[in-house]
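Derivation of every value follows stated rules applied to the coordinates shown; laboratory data play no part. In this text the structure is predicted, and so the values were computed from the model without any measurement.
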Amino acid sequence: MALAIGTFLYGTPIYRIQRPGGSPLKRILQVLVAALRKANIEVPIDNSLLHEVPFKNSIAKESWKLVYTNDFRFLDKAATMSESDANSTDSPSPWRLCSVSQVEELKILLRLLPIWAGGVVYSVSYAQMSTTFIEQGSTMETKIGGFSFPPASLFAFEVLIVILWVFIYDTLLVNIGKKFISNGQGLSELQRMGVGHLLMILAMSTAALVEEKRLEYLRYGKTMSIAWQLPQYFIFGVSEVFIYVGQLEFFNGQAPNTMKSTCNAFSLLTISGGNYLSSLAITLVTSVTTQGGRAGWIPANLNEGHLDYFFWVLAGLNTLNFVSHLIWARRYKPKNIVFEENFEAC
């Protein structure tokens, strides 16, 4: 702890402090309110006529601004100057007239939502590692080479895979990507997330096949070794590196400067949202599959159920999620900025 505190204090003088830019939620509400107030006003075809605040008057005090984009045109009404705005000698109220950069901040958040939603769907499957995977392991032979491994302990194996794969990715795969990918920078954040989604399909399919084999062993009076779970934990670990690291970098890189913390929290919100949806999914599946007095797919005694069916459903869901990610990633418009000297020259 002393070492951690000392390291923190040592780096404090060189820490780059971000100037406060106001409440992100308030800035979003201002755009929505201003756009609704001007619902009947036509947006000018020439976007240079939209309102923009000079750099010296900017709340965030930055040397760059967000470049105008032509999607979500309704929100542009918030930056459209009405006759009363043009004739007023007072500074316009931000609840009636917003800058282009402020409107673009909300547009960025709207573009991030489909990518974020895909992360939530991914996390539904990720939550199985701490729930149904442990239940699956509890029905298997836990002794490997004379040592007994509790089902939950395999999570440590997944953590080791994450640590190892981060090292492999940073030292090997990045350099390979720079050589063979035309942009010279390797895989983008969205491409890495796509790889993570693809690997999750493989992970859930592997878990389903293991469960099918376990039930087959059971019919012959045999107990399957818990070592058969290691492949699905391995694929989970590799997938996690691609999806969560790429997601965190993506949200941080695409976030407006006034909403960095908010967008960084999005990546963590995917995990919590996935856990809640996982609980809901298990509840719904249990409710539907136990009708008519049946044991259901996920009974208390898994030997009487079909957990493999549930895993196949999640594999199918991740397939749809992967396709959805490809569509939204292809349509995504990255954040574009213009610096003060270039802005003034326009």
(request) Let me see the pair-distance distribution of the stretch 123-261: every alpha carbon pair, 10 Å bin width, integer percents in order. (result) 11, 34, 28, 17, 8, 2, 0
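Please report the equivalent ellipsoid semi-axes of the chain, computed as sqrt(5 x eigenvalue) of the Cα gyration tensor, largest first, in whole Å.
So the three semi-axes of the chain are 49, 25, 18 Å.
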(request) Mind checking the full-extension length gain between Leu320 and Ser153? Use 0.36 nm per residue of separation minus the Cα-Cα distance, one decimal, nm. (result) 57.0 nm
(request) May I ask you to derive the relative contact order of the chain, considering only C-alpha pairs under 8 Å and at least 6 residues apart, and to give it as an integer percent? (result) 23
(request) May I ask for the angle, rounded to the nearest 10°, between helix 230-240 and the longest principal axis of the chain, with both axes built from Cα atoms and the value confined to 0 to 90°? (result) 0
(request) Please list the non-local residues whose amide H lies under 5 Å from the amide H of Ser225, H modeled 1.01 Å from N, same-chain partners needing a gap of 5 or more. (result) Glu141
(request) Working from Cα positions, state the angle (0 to 90°, nearest 10) between the long axis of helix 100-126 and the longest principal axis of the chain. (result) 0
(request) Determine ³J(HN,Hα), in whole Hz, for all residues of the stretch 192-203 in sequence, where each value follows from phi through the Karplus function 6.51 cos²θ - 1.76 cosθ + 1.60 and θ = phi - 60°; x replaces Gly and Pro. (result) 5, 5, x, 4, x, 5, 5, 5, 5, 4, 5, 5
(message) Output the 0 to 90 degree angle, nearest 10, between the alpha-carbon long axis of helix 2-11 and the longest principal axis computed from the alpha carbons of the chain.
(response) 30
(request) Pull up the cross-link candidates among the aspartates and glutamates for Lys333, meaning alpha carbon to alpha carbon under 14 Å and not fewer than 8 places away within one chain. (result) Asp71, Glu104, Glu105, Glu189
